[in-house]
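In what follows, a single structure is set out as structure tokens and then discussed.
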Amino acid sequence: MRSIPVSDSIHWVGAIDWNLRDFHGYETPRGTTYNAYLVRGSEKTALIDTVKESFVDELLARVHGIVDPTEVDLIVVNHVEPDHNGGLRKVMAAMPNARVVASRSGVAGVAEYHNGLEVEAVGADDVIDLGGLTLRFLPMPMVHWPDSMFSYCAEERVLMPNDAFGQHMASSERFADEVGLRLAIEELTVYYANILMPLGKQVAKAVEKVVATGWEIGTIAPSHGVIWRGETLGPLFETYARLTAGETHEKIVVAFSTMWGSTDTLARAVVDGIAAEGVEVDLFDLAVTPIAHVTRHLLDARALLLGSPALHHGMLYRVAGYLQYLSGLHPTGKLGGAFGSYGWSSGACKQIVERLAEIGFEQPFEPYTQKYRPTDDEVAAAREWGAQYARAVKKMG
């Protein structure tokens, strides 16, 4: 298997997971990559990150195309999550002469994950000389785990920030300019919405921390997806600035699940009311739409309206599941609302309202509910219910 040059002395030696379709409930229709990088100085060779355990052979095959794995002198663990650290023991067995380093928190994480395995700690004051090339480190707690760390090669101007700036996208191309900037930015946004949304402040501080070092950066090589270089860096930084600032615009996401079509009818009426006020709106049926896609659109929206019929005095499981998914992402500064039809029993909207409140959505209006199939008057009322949210979104500025 071939490695890919990232710079004169750094090669991509990771693995491509073409068939991954789920990442902790985040649907990944394009698969992903587990990126690792081989840095070769005149005296020593370092491996930055490893891969998921089942892909270790792929990594080792790529390393072997450049150097005998037994000649690798250093393994850097930027993050202990199993998609990057799960294969560490197998990689270490193939690289028996390698010193292994991680952040101080990473040292503890490696020991806990690998049953007492001991590695060395490095920090912001440490520099490892590979012979003509150096590696520097910046611990980045909560970007996106406590152990997260960035590694940097000054002479090649390459930053390897693990999960920051990543995307879940499998491709034979390794660079953003090769797959197309629009696609790369969109997948970056989806990744941010579903992984990093609750950590916006920490990610923003991480970017500021890198800037404060004065490091010159010509390439950003993350742990997932494609690598950023040259003219793609400007759009990358602009996008991250917007994402970490939590920028939104006049947009509402309407998501629903339905049993016999009545809540579907209401959802379409709500959308009509929103659109009539000149506010952008996206409609998603949770039965057929990946929740990662819904969340990507919620990221820059100002309101989420959720619809569900009643089943056993409560909401349908797809709506309940999506609310549970959102609870971990902690979206902030958004309006919320509940609507739906019910038959012999009600209770769905009450549950939605309670969960939205727990997550932190402001709910300026009462939920809209009606019994059985909506009449023309009830459809008109649902349309007006949506319109009032559109007017509220406009006032948010």
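From (1) among the hydroxyl-bearing types (Ser, Thr, Tyr); (2) crowded, with 22+ Cβ neighbours inside 10 Å; (3) outside the structural domain of Val319 (by TED's automatic domain parsing); (4) under 25 Å from Asp282 (Cα atoms), pick out the condition that doesn't hold for Thr189.
(2)
Quick one: would you say Val279 is farther than 23 Å from Ser327 by Cβ, surrounded by fewer than 22 Cβ atoms within 10 Å (Cβ to Cβ) and either assigned by TED's automatic domain parsing to the domain that holds Ser341 or out of contact with any Ser or Thr (no Cβ under 9 Å at 6 or more places or on another chain) (or both)?
Details: farther than 23 Å from Ser327 by Cβ: yes; surrounded by fewer than 22 Cβ atoms within 10 Å (Cβ to Cβ): no; either assigned by TED's automatic domain parsing to the domain that holds Ser341 or out of contact with any Ser or Thr (no Cβ under 9 Å at 6 or more places or on another chain) (or both): yes.
No.
Is it the case that some residue within region 127-143 is in a loop (DSSP other than H, G, I, E, B), more than 24 Å from Val67 (Cβ to Cβ) and over 25 Å from the mean Cα position of the chain (by Cα)?
For region 127-143, residues in a loop (DSSP other than H, G, I, E, B), more than 24 Å from Val67 (Cβ to Cβ) and over 25 Å from the mean Cα position of the chain (by Cα): absent.
For Gly86, which of the numbered conditions (1) in contact with an Asp or Glu (Cβ under 6 Å, 6 or more places away or on another chain); (2) touching a residue at least 40 places away in the same chain (Cβ under 8 Å) fails to hold?
Here Gly86 clears every test but (2).
Can you go through Val72, Val107, Val101, Val76 and tell me which one is modelled with pLDDT of 95 or more and within 23 Å of the chain's Cα centre (by Cα)?
Answer to the selection: Val76.
Suppose the filter is assigned to a helix (DSSP H, G or I) and surrounded by fewer than 19 Cβ atoms within 10 Å (Cβ to Cβ); does Ala184 pass it?
no
Do we have Pro309 as modelled with pLDDT of 95 or more and either touching a helix residue (DSSP H, G or I) at 6+ places or on another chain (Cβ under 6 Å) or outside the structural domain of Tyr325 (by TED's automatic domain parsing) (or both) here?
Here the answer is yes, as Pro309 does meet what is asked.
The values are calculated or read from the model by the stated rules, or taken from the named source; none is laboratory data. Treat the numbers as computed from the prediction; the structure is a model and nothing was measured. Neighbour counts run over all protein chains shown; Cβ positions are idealised from the backbone, glycine included.
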